[in-house]
1. Could you calculate the contour length gain from Val180 to Lys84, that is, 0.36 nm times the residue separation minus the distance between their Cα atoms, to one decimal place in nm?
2. At Tyr129 and Ser98, where each label point lies 7 Å from the Cα along Cα→Cβ, what is the point-to-point distance in nanometres?
3. Mind giving me the nanometre distance, one decimal, between the label points for Lys114 and Lys75, set 7 Å out from Cα along Cα→Cβ?
4. Consider a paramagnetic label point 7 Å from the Cα of Arg160 along Cα→Cβ; state which residues of region 68-108 have an amide N under 17 Å from it.
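Only the coordinates and a few stated rules stand behind these numbers; no lab work does. Since the structure is predicted, the reported quantities are computational estimates derived from the model, not experimental observations. Please note: Cβ atoms are built from the backbone with ideal geometry, for glycine as well, and neighbour counts cover all protein chains shown.
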Amino acid sequence: NDIEMNSLTLLRRRYLQASQLAIIPQPQNKSPQQEKEFVINLPEFTSKNASVNVPLPISQVAAHWGVSALFTRIKYDDLLICLKCLIIERSVLVLGESPDLVTSCTCALLDLLKPYTWASNFIPLLPSYMIDFVNSPVPFIIGMAMNDDDRGISIQSDYRVASAIADGLSVINLSNNSVV
């Protein structure tokens, strides 16, 4: 599985580039200023259980929040598959419970694609009455917010979305941490 390890290493590198972070060792003696930090453990990437530590407050919260939301909600393997789909210009629909979460995660997908750039349709937040757009013949990254009690079931079971899934659409559901 050298290919999988190389892919996971590439995903880790993309994450670090997108969030402009560095893997730093945890200090043994913490001062009061260093007590608050944002930590993401990455046990799958190395045998040493590496982690990404960022002292708070984060300077560019908007850039970091979407990437960290994707990493904490979606399995690394599923996220890697979605990034591979985007590289070969397949469509991705991001579903979530709040417009700000959906928008930041769709933008984070663009950040994780760097150094490549997305040259097709990008709609960070699509209104529900425009759901017909998922049957577009061109590749897209679209985000849709849903009701809190919905958890994406009604959007994923909509006949237009089901038809698009059959044609190769990938759906990232942030509410139930799944990728279809």
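1. Numbers: separation 96, 0.36 × 96 = 34.56 nm, distance 1.40 nm.
Contour length minus the Cα-Cα distance gives 33.2 nm.
2. 2.6 nm
3. For Lys114 paired with Lys75, the spin-label model returns 2.9 nm.
4. Residues 91-96 fall inside that zone.
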